[in-house]
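First up is the structure itself, then whatever we jot down about it.
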Amino acid sequence: MNSTSTLVFTSVLAMSSASAGVLPDNQTQSVWFQDGQAKIAEITQKPVAYDEAKNVILFIGDGMGISTQTAARIFVGQSQINHQGGEEFLLSFEQFPYTALAKTYNTDMQVPDSAGTMTAMVTGVKTRAGMLSVSDYIDRGDCGVEAATLKTSLEYASERGMNTGIVSTARITHATPAATYAHISDRGWESGVPEDCNGKVKDIALQLVESDSAIDIVFGGGRRSFEPSGEGLSGRRTDARNLIQEWIDTAPAQRQFVDTASAMKDLPVGSEQQVLGLFSDSHMEYELHREGTTQPSLTEMTDTALNHLLADNDGFYLMVESGRIDHGHHAGIAKLALTETEQFHQTISHTVQKLADANQLDDTLIIVTADHSHVMTMAGYQQRGNPILGLAAGASGNVLAKDDKPYTTLGYANGPGALTTFNEGERVDLTDVNTQADDFQQQALVPLSSETHAGEDVAIYAMGPGAQWFNGLVEQNYIYHVINRTLSLQGRRYE
Ligand SMILES: [Zn+2]
């Protein structure tokens, strides 16, 4: 049947159930129908965005695959009184007008890691897993990187006189933030390099403090890579250097170091100030466990970064990573990943409001994406509004599997949860288990000490100038090219 006859066939069917040309009332008066009509009205009135931006913010939810996003949307929706089941809720960035899907593979891996994926997003070039902003004609672990070095969009923006910032809840030397400033063939070389590479390449922490681009605002975890190791010390450096002190001493009048949320908020805001904030030895605390620490939230770090970046009028480049969605999944604990995603959603809505208040929203390209997915799945067939962290249940109670036991909506294809999923070959009965507890590990199939990344595409959401270029299915390195074009880095109007 060709497409013309399909159309004829469909309209004959429609005529048989309602008068020709008229839709039944129960259809047009449905809230679903009216929502769809409202969306059509909104889209057809969407103004054509300018294609040159003064500022850009790249938000990365590390490991925030689409199943994570859907589950987090329901999780946040279920915590809000005005929402029915949670399913109809929208996270802040899900309301952005433009979307695309990104293919995340590395040049040597079907399912990627964060180093190769972030390199793609900030240099426009895909590379091998484990390598940071160097191209793949060298191998992971090669000392010499000079000929393979790729200039990042942050470095390019800095050369063009823009203010720059990076914010992460992971160690600031960890793969995602490090790809914006470091050029190295192994993401593991955070505080030192192997002996045979000594003198040939600098470790990641050293590259950050000695970078020519001098990033204006750096907030995250990972103090240990900047401080010397030794008896009673938490530092990791074996060269006895204290890079924090060296960084301050290089320009004491312009540089501020902070290590607590309150010190960060008390900082004087001035366009000539550079700020380094390292709030924990390793990764920062999960949002679920942050209370009682001196660490700021992702929203607070981003808010302070924006205060500084907005202080002069040169435009800015800001990268914000929610680094621990990924770690919650690796631990097989979905609640950790969802509460991190909730904080990420709040950070983005706060940012949009703050830019609007500063009259900078129309000049700012905002991109929200993930570097890769995770193997968390969302199973059926529970009723609408069933707690997203609960057992799948219908009107007449828990849905039972072939082993007559209930199962959770969220589960993992692999990971540490598989070690406690089975007892002598039988799946453990979850009937009386609190699956919404903070430390509950979802059941998993394949036992691994750490749950793995997943290889399906991730979403890209965008608003502001240039956002209209996000459409369809793209390679992940395309993100760089939109930023480059939108900031006109090759001939900037906002200089
Ligand atoms: Zn990971």
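The values are calculated or read from the model by the stated rules, or taken from the named source; none is laboratory data. Note that the structure is a prediction, hence the values are computed from the model and not measured. Using ideal geometry, Cβ is built from the backbone for each residue, glycine included, and neighbour counts are taken over all protein chains shown. Calculation scope for accessible area: heavy atoms of the full protein, side chains included, ligands and nucleic acids excluded. Shrake-Rupley method; radii C 1.70, N 1.55, O 1.52, S 1.80 Å.
Applying 0.36 nm per residue to the separation of Glu246 and Arg427 and subtracting their alpha-carbon distance, the gain on full extension is 59.6 nm. For Ala393 and Asn307, the difference between the fully extended length at 0.36 nm per residue and the C-alpha to C-alpha distance is 26.3 nm. For the residues Glu456, Glu190, a 1.4 Å probe over the protein chains yields an accessible-area ranking, largest first, of Glu456, Glu190. Modelled label positions at Asp108 and Thr238, each set 7 Å beyond Cα in the direction of Cβ, lie 2.3 nm from each other.
Helix 114-123 and the longest principal axis of the C-alpha atoms of the chain enclose an angle of approximately 80°.
Each peptide in 427-433, 412-418 gets a packing score, the mean of other Cβ atoms within 10 Å over its residues, and the list from highest to lowest is 412-418, 427-433. The label point for Ile66 and the one for Ser449, both projected 7 Å from the Cα toward the Cβ, are 3.3 nm apart. Taking the longest Cα principal axis of the chain as reference, the axis of helix 31-44 is set at about 50 degrees. Among DSSP bridges having both ends in region 344-495, what percentage is antiparallel? Round to the nearest 5. That works out to approximately 85 percent antiparallel.
Over the Cα atoms of the chain, the radius of gyration divided by the Kirkwood radius equals 1.01; this is the Rg/Rh ratio. Contact order for the chain, expressed relative to its length and based on alpha carbon pairs under 8 Å spaced 6+ residues apart, stands at 24 percent. Loop-located GluC sites (Glu not before Pro) in region 291-322 (DSSP state not H, G, I, E or B) with no more than 16 neighbouring Cβ atoms inside 10 Å: Glu291.
To the nearest ten degrees, helix 334-357 and the longest principal axis of the Cα atoms of the chain are 80 degrees apart. Take the convex hull of the alpha carbons in region 389-451; its mean projected area over all directions comes to 4.4 nm². With all protein chains in place and ligands, DNA and RNA left out, the 1.4 Å accessible area ranks Ser373, Ser229 as Ser229, Ser373, largest first.
In terms of packing, defined here as the mean over residues of other Cβ atoms within 10 angstrom, the peptides 444-454, 65-75 line up highest first as 65-75, 444-454.
Annotation note: trypsin sites (Lys or Arg not before Pro) in region 344-425 located in DSSP loop regions with a Cβ neighbour count of at most 14 within 10 Å are Arg384, Lys402.
Multiplying the residue separation of Asp266 and Ala437 by 0.36 nm and removing their Cα-Cα distance gives an extension gain of 58.0 nm.
Under 16 Å from the 7 Å Cα→Cβ point of Asp357, by amide nitrogen: which residues of region 302-343? Label zone hits: 302-311.
From the P(r) of region 254-345, could you give the percentage of C-alpha pairs in the tail past 19 Å? Cα-Cα pairs in region 254-345 separated by more than 19 Å: 46 percent.
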